[in-house]
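Enquirer: Sharing a structure here in structure tokens format.
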Amino acid sequence: MSMSESASTPATSGPASQEGFSPTQQERDELRRHGILLTSLEELYNWGRSNSVWPLNFGLACCAIEMIAASMARFDIARFGSEVFRPSPRQADLLIVSGTVTKKMAPQVIRLWNQMPEPKYCIAMGACAISGGPFKQGYNVLKGIDRYLPVDIYIPGCPPRPEALLHGLMQLQAQIRGQKLTGPDRPRHLRADTGCAYPVPEFGAHDLEPPANPEVWQAPSLPRSG
Amino acid sequence: MSLPGQLSVLFPLASGLGASSPLAAVLPASDSALERLPLTLRGLLTGWLPASWQWLANSLIAIVVLIVAFASLFALLTLAERKILGRVQNRPGPNRAPLPFLNLRTYGLAQPVADGVKMLTKEDIVPDGADRVLHFLAPIALLAFSILTLAVIPYGRLLVALDLDASVLFFFAAGAATELAVFMAGWASRNKYSLLAAMRALAQLISYELPLLLSVVPVVLMAGSLSTSVIVERQGEWWLGFLPRWYVFTPWGLAGFLVFFVASLAESNRSPFDLPEAESELIAGHLTEYSGFKYALFFMAEYFGMCALCGMAVTLFLGGWQAPLPFLSFIPSYLWFAGKLLALLGVFMWIRASFPRLRIDQLTRLAWKFLVPLALINLGTTAFWSLTADWAGLLQPLRWLIAAGLIAGPFLLLGRNLSKGLGPRTYRYAA
Amino acid sequence: MTSPAAPSSFPSGLPSSPGAHVRAVHDDFHGDLLEVSMGPHHPSTHGVFRMIVTLDGERIVRLKPVFGYLHRNHEKLGEQTTYLASMPYTDRLDYLNSMTNNWAYAIAVEKLAGQAVPERAEYVRVILAELTRLLNHTCLAGFLLQDTGCSGTPLMYAFREREKILDLFESLSGSRMMCNFQRFGGCRLDPTPEWLAAVRQLVDGYGRFLDEFEALISGNEIVMARTQGTGVLTPALAISAGVTGPMLRATGVDYDLRKVDGYGVYPRFEFRVPLGAHGDTYDRYMIRILEMRESIQILRQALRDLPAGPILDPKAKNRGFRPKPGEAYGRIEGPKGEIGFYLISDGSPNPFRYRVRPPSFVNLTILEDMCLGQTVADAVIILGSIDIVLGEVDR
Amino acid sequence: MESLEQIRERLLARFPDAALTVIANPGPAGQPSLLVGSPHAASIAAFLRDDPALRLDYCSNVTGVDWPDREVVETIKRTVPPPPPAAPADPSAPPVTPKVIEEKVKRHIPGYFEVVYHLYSMALKHGPVILRTRTADRTDPASLPSLTPIWRACEFQEREVYDLFGIRFTGHPDLRRILMWDEFKDYPMRKDYVEPDDYEWEPTPHGAVLDKARRHYPAPPESR
């Protein structure tokens, strides 16, 4: 504790430096500059999994080509340690929903997600995966994968440029690094109340049944009359 | 001057290096301190123990050192492989992962650590209806057999964990058992892709076991011993005082080395023979249903197997820990071994970055119709080489010519047969 | 199997429900067969395509393709929007070749409305279409080799060239992949001299890239062993099955719409049509390589002869566009084969019927015929050599 | 290549009782088509494929069209005869010209399904010849002969027409749904298809979308 006080930054004067010391990232960086390492298992864990995000080798539509382009020499997703595109969901950490999810494909996407081991992350890449995009009015197009899956990062664009995917990946890494492993907002796989398997919709006579997973997604209500 | 006969029976090694050898003067009379460094360190650790306990303690230390050394080599190799692949493909490769807690970017050196942390903490999934016991045992068995093979390789003049009389036999016996583990993994996963991969793996590994073994027999024949240490010692002489007498620099040795190298590519499931985990065909093959640390164990075992086979290739054909030139002998032998090993591993990675994959029938055809006959012919050539050991003067080049012809002729014939009907084509254009 | 109309005479009684996953079948074949579902998530199905493969050991005894995992209702949406609003949707049909899709649609609408196109626009269209052909064939070669198990190296070099072409597209149209560049009666924008100089530079360097690619790959023994003699297609079957594009020409049938229809200004250029003799995977690969060399020739001539003038017909009307009632079928030689648009107008701003004739969907008809008796590993590269893009197959 | 009329003449000579109509194309494309009655469609297709002068060996495009019932308002020019002169005609008067009046006539055209085939010849490099077959009405099950036995290219395209339009092709070897899943009951490319209501509010001033929103939220939710 005395060390943190010696690093005379304004941040350390807060109540955080009293009991139950949990320094913020800024405080940590400041301490690091003074040669003091503050660490915990939590930080090691988050550091490890944020720097080794292996995506599933899974492409849906147009965005998949840009996803491939992001792993190619010009953009080289390998710099972030993410070029290990695993073909089997068992070894993947990240599901990049790259393209239009049709109703015929949606159950398979959810099955793939269920087959991935925790901790796992989901990126909705492109307008179609976010909301159905230009094909939203189509009868066979799912209006956003977030109706069935918990999405961590949304990358807009039609299709997003490879740089956008890299940015999304970096945002995901930052999100992982910021996670607290205890407390009410701990990640999904450390909670007892949420299951890791999501219900797979059935093919109905006219539509998928159910059309959305109510635990993940609620239909927005019309915010104005009319 | 020469050692008493009794002693030379007791110490075959010593007699090989005996003062009767005209090259004894070139070799260092005694090992340098650097050469003895590993033993000195071990002595510091176990020297205080009673003599009867020392043997056990030394063995334990050897085991721990082997595992730790190769586990860290594995970590480095994964990074090296990604970097080499990146270099071949005109891109930087992993270079971000900052060192933990320091935010220091060191060319991605921390990448394997991050991967390791993540792998350790991943959820372990066993599919419904899978054979849980075998599913659990397969990676462990594979790793165990791979580590066993590492035990008999002489890493330096004084460094061999298990110096058996028949260590070559031991090596291939333990290595062959890995096939069982791969099949276990494929069968226990209850996945059709895994099963297909397991069948492929069996067909492939058994096919290549034969040329692998047959390519070693000439070495055993020439060295007159099944002990890896002796085989390395036998390669420690010099032609004309400066050309190393490694077996790879003889016609039969070169052919044997190439057969061994190709077969070991196949035995370690490396491209272009990575059919059991052919990504574009069988998802991830026998690894399809493995997640988390079990998958990491498989990965590790694959690299251990690769290291073991490369180490064996170095031992059998590339002179083991011997220095390539007499005046370089001051560098400790284990460094020479490490250098040769890393170079061979680099070739493995280079090949992986360059070649497409064979089909399973072409793969087995290559083994049975090309490598096995070639290895057998090589065996005959070695016999000729052995019989003509006393040819001297003008007969010496003749001996080389005959041996080279004995191998090159069948090589060309068999190779032509292998690629029958294939070739570049010419195309016509519409009028 | 819920479809009521499937007759029992068809050899396949396989369940087509995507819910029915892999299972072993025992029927009239000897021995035990293994039924494997490849896809819709599989590393080498080029998207969300599914093949239900029945295997005897590694040999394929039956292969049923399953489509529709990317059925995005393109035709329905096309009938719900105006003629011009469908143009960006055509970009997303075959998302590697937006420029040729645009052109095929523009040609169909121009036929429907009797719209003339200025000469400069025709030349620019040829330039863009041939650049697209280079792009598509380069990527195809890369993906095909990826399917044979190269660890990404040929694909990386193919994508290096793709990025160069995409840079050109981006600087011209503002978008890398979804260019939305053609209009009814010309093009959206006029290329600048700097852009044309950049194209010239790319075209001059492309031959060298092809030489390098070929030196490393076309003569590689493993590539030849894998591709020669696999997936043989006979000319008679190819014609009957409506196979078009490089796949048809690899069987030796001389049918190139650039020569047959002579649309645009293609009759003014000198180029040859390479023909294969064996109809196997290697021929399909080599025909594409040779076509790229011809494309370079066309590009050189088009860049040399590019006339001045308007890029868009001044009388063209793209907004509030209402063609007279009637119908038209317009087609061009896309990189994957004949891409056509069939339009029926009833005089309203929206097409009454909007139909895409997708080359890769029709080319898939003979997938099973080509794969029977081959191994799983062959099926993967045969599929790769057909050159499908699921956006176009399922629409 | 011969004109479509000539082809029709030759076909009629071969198949005297076939129903063959040339449908003109009013647009500038100039692609008329040949309407073929169902009973003879397969034999006519085989004739077109094998005839040495035509050799239409390549069926490029197969598609369905849904023509719903429509009311067509046609403008018909009618000559009205001059009214009979009430008075004895004055011979010097100018002759009464017949009067042409335009009147609008409503005509009801019953709906039908149509399948269009675009045929080309790879051997002789000509085309297209456009074939059409029609159902009598729009009632289910609509059924038309399959041309897959003549051209393999029709196999998947006819399956697609079956999937999206609900036209059953008799003689098709493997008529299953191709794009939609098997449990699906509707035929989405029909003009009267109503898609499932999974509408989601989106901030757009687009008229059609707002209409849809009104249908989806019948009563406006309580104001906030």
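Enquirer: In what sequence, highest mean first, do A:170-179, D:207-216, C:349-358, C:378-387 appear when ranked by Cβ atoms within 10 angstrom?
Expert: Descending packing order for the listed peptides: C:378-387, C:349-358, A:170-179, D:207-216.
Enquirer: Hey, fewest Cβ within 10 Å first, where do C:CYS179, A:CYS128, A:CYS158 land in order?
Expert: In order of increasing Cβ crowding within 10 Å: A:CYS158, C:CYS179, A:CYS128.
Enquirer: Let me ask something else. Test of understanding: in a Gaussian network model of chain D with alpha carbons linked when under 10 Å, which of D:GLU114, D:GLU195, D:GLU155 would top the mean-square fluctuation ranking?
Expert: Taking springs between Cα atoms under 10 Å, the residue moving most is D:GLU195.
Enquirer: Please go through segment B:42-79 and write out the chymotrypsin sites (Phe, Trp or Tyr not before Pro) that DSSP classes as loop and that have at most 16 other C-beta atoms within 10 Å.
Expert: Answer by residue number: B:TRP48.
Enquirer: For chain D, compute the orientation-averaged projected area of the C-alpha convex hull (one quarter of its surface), in nm².
Expert: Mean projected area for chain D: 24.2 nm², to one decimal.
Enquirer: Okay, next question. Could you tell me the relative contact order of chain B? Use alpha-carbon pairs under 8 Å, at least six residues apart, and round to a whole percent.
Expert: After rounding, I find 18 percent.
Enquirer: If you wrap a convex hull around the alpha carbons of chain B, what volume per residue comes out, as a whole number of Å³?
Expert: Taking the convex hull of the Cα positions in chain B, it is 209 Å³ per residue.
Enquirer: For peptide C:265-276, how many partner chain Cβ atoms fall within 10 Å of a residue's Cβ, on average?
Expert: Counting Cβ atoms of other protein chains within 10 Å of each residue's Cβ and averaging gives 2.
Enquirer: Before rounding to the nearest 500, sum -39500 (n - 2.57) across all DSSP H runs of length at least 4 in the protein assembly as shown and divide by the residue total; then give [θ] at 222 nm in deg cm²/dmol.
Expert: Computed mean residue ellipticity for the protein assembly as shown: -13500 deg cm²/dmol.
Enquirer: To one decimal place, what Kirkwood hydrodynamic radius in Å is obtained for the protein assembly as shown from all pairs of distinct Cα atoms?
Expert: This gives a value of 34.7 Å.
Enquirer: What percent does the relative contact order of segment C:225-374 come to when contacts are Cα pairs within less than 8 Å and at least six residues apart?
Expert: After rounding, I find 25 percent.
Enquirer: Now for a separate question. Please find the FRET efficiency linking D:LYS77 to C:ASP346, where r is the Cβ-Cβ separation and R0 is fixed at 25 Å, and quote it to the nearest 0.05.
Expert: 0.65
Enquirer: Cα-Cα pairs above 28 Å in chain C: how many percent?
Expert: In whole percent, the share of Cα-Cα pairs in chain C beyond 28 Å is 48.
Enquirer: Report Rg/Rh for segment C:75-207, rounded to two decimals, where Rg is the Cα radius of gyration and Rh the Kirkwood radius.
Expert: 1.01
Enquirer: For peptide A:66-73, how many partner chain Cβ atoms fall within 10 Å of a residue's Cβ, on average?
Expert: Taking the mean over all residues of the peptide, I get 6.
Enquirer: With charges set only on the Cβ (+1 for Lys and Arg, -1 for Asp and Glu), what does the dipole of segment C:239-290 come to about its Cα centre, in debye to the nearest 20?
Expert: The calculated dipole for segment C:239-290 is roughly 140 debye.
Enquirer: Note down the magnitude of the dipole of chain C about its Cα centre, charges +1 on Lys and Arg C-beta and -1 on Asp and Glu C-beta and zero elsewhere, to the nearest 20 debye.
Expert: In total the dipole reaches around 1360 debye.
Enquirer: As an exercise, identify the trypsin sites (Lys or Arg not before Pro) in segment C:142-200 lying in DSSP coil whose Cβ has no more than 13 other Cβ atoms within 10 Å.
Expert: none
Enquirer: With a Förster radius of 30 Å, plug the Cβ-Cβ distance of C:ALA197 and D:HIS126 into 1/(1 + (r/R0)^6) and report the FRET value to the nearest 0.05.
Expert: With R0 = 30 Å, the Cβ-Cβ based efficiency is 0.15.
Enquirer: What translational D, rounded to a whole number of µm²/s, comes out for segment A:62-175 from Stokes-Einstein when the hydrodynamic radius is the Kirkwood one over Cα pairs, at 37 °C and 0.692 mPa s?
Expert: Calculated translational D: 233 µm²/s.
Enquirer: Further question: Work out how much length B:VAL68 to B:THR426 would gain on full extension: take 0.36 nm times their residue separation and subtract the Cα-Cα distance, in nm to one decimal.
Expert: Using 0.36 nm per residue and subtracting the Cα-Cα distance, I get 123.3 nm.
Enquirer: Which value, to two decimals, describes the C-alpha radius of gyration of segment B:59-121 once divided by 2.2 N^0.38 Å?
Expert: Taking the Cα Rg and dividing by 2.2 N^0.38 Å, one obtains 1.31.
Enquirer: Under the definition of partner shielding as Cβ atoms of other protein chains within 10 Å of a residue Cβ, what is the mean value for peptide D:57-68?
Expert: Neighbouring Cβ atoms belonging to other protein chains average 6 per residue here.
Enquirer: Among C:PRO40, C:HIS278, C:PRO314, which residue has its Cα furthest toward the positive end of the charge dipole of chain C, with +1 on Lys/Arg Cβ and -1 on Asp/Glu Cβ?
Expert: C:PRO314
Enquirer: To make sure I understand, if each residue's beta carbon is the centre and we count other beta carbons within 10 Å, what order do B:ILE402, B:ILE153, A:ILE96 fall in, fewest to most?
Expert: Fewest-to-most ranking of B:ILE402, B:ILE153, A:ILE96: B:ILE402, B:ILE153, A:ILE96.
Enquirer: Using 7 Å Cα-to-Cβ label points, what is the C:ALA236/B:SER32 separation (nm, one decimal)?
Expert: 7.8
Enquirer: If I fit a long axis through the Cα atoms of helix C:281-305 and take the longest principal axis of the Cα atoms of chain C, what angle between them do I get, 0 to 90°, rounded to 10?
Expert: The two axes meet at around 0 degrees.
Enquirer: Over every pair of different alpha-carbon atoms in segment B:344-431, take the mean of 1/r and invert it; report that Kirkwood radius in Å.
Expert: Over segment B:344-431, the inverse of the mean reciprocal pair distance is 16.5 Å.
Enquirer: Remind me, what semi-axes does segment B:186-294 give for its equivalent ellipsoid, largest first in whole Å, using sqrt of 5 times each Cα gyration tensor eigenvalue?
Expert: 38, 13, 12
Enquirer: Over segment A:62-175, calculate the relative contact order: mean separation of alpha carbon pairs under 8 Å at least 6 apart, over the residue count, as a percent.
Expert: In percent, rounded to a whole number, it is 28.
Enquirer: Sort C:300-313, A:57-70 by the packing proxy (mean of other Cβ within 10 Å over each peptide's residues), most packed first.
Expert: Peptide ranking by packing, descending: A:57-70, C:300-313.
Enquirer: Let me ask you something else. Filter chain B for me: DSSP H helices, axial length by Cα at least 30 angstrom, mean Kyte-Doolittle hydropathy not below -1.0. List them by residue number.
Expert: B:51-88, B:167-188, B:192-223, B:292-317, B:333-354, B:395-418
Enquirer: For segment C:224-344, what does the alpha-carbon gyration tensor say about shape, rounded, prolate or oblate, given a ≥ b ≥ c as the root eigenvalues, a/c under 1.5 as rounded, and a/b over b/c as prolate?
Expert: Since a/c reaches 1.5 but b/c is at least a/b, the shape of segment C:224-344 is classed as oblate.
Enquirer: Between B:LEU164 and B:VAL347, how high is the FRET efficiency from 1/(1 + (r/R0)^6) when r is the Cβ-Cβ distance and R₀ = 30 Å? Nearest 0.05.
Expert: For R0 = 30 Å, the calculated efficiency reads 0.60.
Enquirer: If the limit is 19 Å between Cα atoms, which of C:LYS259/C:LYS317; A:LYS103/D:LYS185; C:LYS111/C:LYS336; A:LYS104/B:LYS122; A:LYS143/C:LYS76 go over it?
Expert: Checking Cα-Cα distances, C:LYS259/C:LYS317; C:LYS111/C:LYS336; A:LYS104/B:LYS122 exceed 19 Å.
Enquirer: Moving on. Quick one: angle between helix C:376-386 and the longest Cα principal axis of chain C, in degrees between 0 and 90, rounded to 10, please.
Expert: Tilt relative to chain C: about 20 degrees.
Enquirer: Rounding to the nearest 10 and keeping the result within 0 to 90°, find how far the Cα-based axis of helix C:193-217 lies from the longest principal axis of chain C.
Expert: 20
Just so you know, all these numbers are worked out from the coordinates, no wet-lab data involved. Note that the coordinates shown come from a computational prediction; the quantities given were computed from them, not determined experimentally. Cβ: placed from backbone, ideal geometry, glycine included. Neighbour counts: every protein chain shown.
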